[in-house]
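The values are calculated or read from the model by the stated rules, or taken from the named source; none is laboratory data. It should be emphasised that the depicted structure is a prediction, and the values quoted were computed from it without experimental measurement. Cβ placement follows ideal geometry from the backbone for every residue including glycine, while neighbour counts extend to all protein chains displayed.
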Amino acid sequence: MTEQSVIAVTLGDVAGIGPEVVVRACCDARLPKSCRPIVVGHPEVVRRAIALVGCDLKVVEVDSLSAGKQITENELACWNPAGDDAALVQPGKLNVAAGQAAFEYLIAATHAALNGEVDAVTTAPLNKAALQLAGHNYPGHTEILAEACGVSKFAMMLYLPAGEIVRSPFGLGVAHVTLHTSIASVPQLLDTPAVEEKVALIDSFLRNVGCTAPRIGVCALNPHAGEDGLFGDEERRLIAPAVASQRAAGIDVTGPLPADTLFCRAVAGEFDGVAAMYHDQGHIALKLIGFDRAVNITLGLPIVRTSPSHGTAFDIAWQGRASADGMLEALRIAALLAKR
């Protein structure tokens, strides 16, 4: 029998598509046998999602994630570390109770992973506006996780496994030097140590998934990599020194390169990892070529955390239209990383 990785799966914002995609993934025949998911959320919300999806899973309420390991086939363990307000949330509507519950689910799952009760955490999307309404002033999952785990060096990576599109046998991982911030603030937030840090995190991750000699490309900030200073000097002033220092440290890193051509080269197999300078520079490229397969992985944590790359999708929430492909891939990658 395949040894299973126990994965805490948070419901995220219950007004969105999180509960539906979690339940769809848990009853999908494609769910790897190596995954044993335990839902972190309100059991009544999970039951509604099961009714929406039309599967025959039975919800078993447990008082801890450890207790959830004892369930049998066709049962879905559910641990609710928050109150009951989440069960009253209206679908597709911004709600303070949903924001608070999503925060509590995430913190509880993270602490359980830190304590060794589970092997990994996979998160359904939360809504950043609801999070703020509940008084939690974080840009998103990544920053909450970093604080809860007590780390200062971290990054969001979008990871696309190897396949017909990505030619590298180890997939393609894209981490971001700046993340949830305005485009206008990016040039002020960039510095050489930040680029160095992200390159090192990418290199470490790729080695962890079996790539013994990672090849990393670093994006320029400006069009044409600044065109020798004509379109900006961040490339030669901030990014190139970081690339040089990490190359001197033994990392196979190249750049800064124009992002439009770098991603073409990376998808073709020339690079295993890419350091993007800002959120959309990396996200648009990866989502364009593999939206349903791209997995969000938080680098730099002492635990494994993955999520699908989509958001709460209030416009289709609780209508039975959401795809579980992203959640299935996130669970698969979580189990793989947990074993490594």
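Taken over region 9-31, the criterion of being in contact (Cβ under 8 Å) with a residue 24 or more places away in the chain and in a loop (DSSP other than H, G, I, E, B) is satisfied by LEU11, GLY12, ASP13, VAL14, ALA15, GLY16, ILE17, CYS27, ASP28, ARG30, LEU31. The lone criterion from (1) touching an Asp or Glu at 6+ places or on another chain (Cβ under 9 Å); (2) under 23 Å from GLY326 (Cβ atoms); (3) free of Cβ contacts under 8 Å to residues at least 60 places away in the same chain left unmet by SER34 is number (3). Within region 268-305, can you find the residues that are in contact with a helix residue (DSSP H, G or I) (Cβ under 7 Å, 6 or more places away or on another chain), modelled with pLDDT of 95 or more and more than 30 Å from ASP119 (Cβ to Cβ)? Hits for region 268-305 are MET277, TYR278, GLN281. In region 240-340, counting only helices (runs of 4 or more DSSP H) that sit wholly within it, the ones holding 2 or more residues that are in contact with a Gly (Cβ under 7 Å, 6 or more places away or on another chain), at negative phi and crowded, with 24+ Cβ neighbours inside 10 Å span 259-267. ARG247 satisfies every condition listed in (1) modelled with pLDDT of 95 or more; (2) not assigned by TED's automatic domain parsing to the domain that holds LYS198 except (2).
Only one entry in ALA51, ALA15 is touching a Lys or Arg at 6+ places or on another chain (Cβ under 7 Å) and assigned by TED's automatic domain parsing to the domain that holds ARG332, namely ALA15.
Of all the listed residues (PHE271, PHE263, PHE205), the sole one being within 28 Å of PRO139 (Cα to Cα) and touching a residue at least 60 places away in the same chain (Cβ under 8 Å) is PHE205. Take the conditions free of Cβ contacts under 8 Å to residues at least 40 places away in the same chain and touching a Leu at 6+ places or on another chain (Cβ under 8 Å) and apply them to LEU88. Does it pass? So LEU88 fails the test. Do we have any residue at all in region 220-235 that's buried (at least 22 other Cβ atoms within 10 Å of the Cβ), outside any helix (DSSP H, G or I) and touching a strand residue (DSSP E or B) at 6+ places or on another chain (Cβ under 6 Å)? Looking through region 220-235, at least one residue is buried (at least 22 other Cβ atoms within 10 Å of the Cβ), outside any helix (DSSP H, G or I) and touching a strand residue (DSSP E or B) at 6+ places or on another chain (Cβ under 6 Å).
Residue pairs whose Cβ atoms lie under 8 Å apart, sitting 6 or more positions apart in sequence or on different chains, and linking a residue in region 172-196 that is assigned by TED's automatic domain parsing to the domain that holds CYS264 to a partner that is surrounded by 18 or more Cβ atoms within 10 Å (Cβ to Cβ) and charged (D, E, K, R), are LEU172/ASP272; GLY173/ASP272; ALA175/LYS198; HIS176/LYS198; VAL177/LYS198; HIS180/LYS128; PRO187/GLU234; LEU190/GLU234.
Quick check on region 208-240: of everything there that is in contact (Cβ under 8 Å) with a residue 24 or more places away in the chain and charged (D, E, K, R), which residue is nearest to PHE271 (Cα to Cα)? Ranking the qualifying residues of region 208-240, first place goes to ARG215.
Applying the condition of being polar (S, T, N, Q) and without any contact (Cβ under 8 Å) to a residue 40 or more places away in the chain to region 137-171 and asking which residue is nearest to THR110 (Cα to Cα) yields SER152. Scanning region 217-249 for residues that are among the small types (Gly, Ala, Ser) and touching an Asp or Glu at 6+ places or on another chain (Cβ under 9 Å) turns up GLY217, ALA220, ALA225, GLY226, GLY229, ALA242, SER245, ALA249.
For every residue, the table says whether it meets (1) in contact with a strand residue (DSSP E or B) (Cβ under 9 Å, 6 or more places away or on another chain); (2) over 30 Å from ALA220 (Cα atoms).
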site	(1), (2)
LYS93	no, yes
ALA124	yes, yes
ALA130	no, yes
HIS136	no, yes
LYS153	yes, no
GLY171	yes, no
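One residue is enough: does region 322-340 have a residue meeting the conditions without any contact (Cβ under 8 Å) to a residue 24 or more places away in the chain, out of contact with any strand residue (DSSP E or B) (no Cβ under 8 Å at 6 or more places or on another chain) and among the hydrophobic types (A, V, I, L, M, F, W, C)? No: zero hits. Name the residue that is surrounded by the fewest Cβ atoms within 10 Å (Cβ to Cβ), counting only residues in region 120-139 that are closer than 22 Å to ILE38 by Cα and touching a Leu at 6+ places or on another chain (Cβ under 9 Å). Here the residue is ASN127. Checked against (1) buried (at least 17 other Cβ atoms within 10 Å of the Cβ); (2) part of a strand (DSSP E or B), GLU61 meets all criteria but (1).
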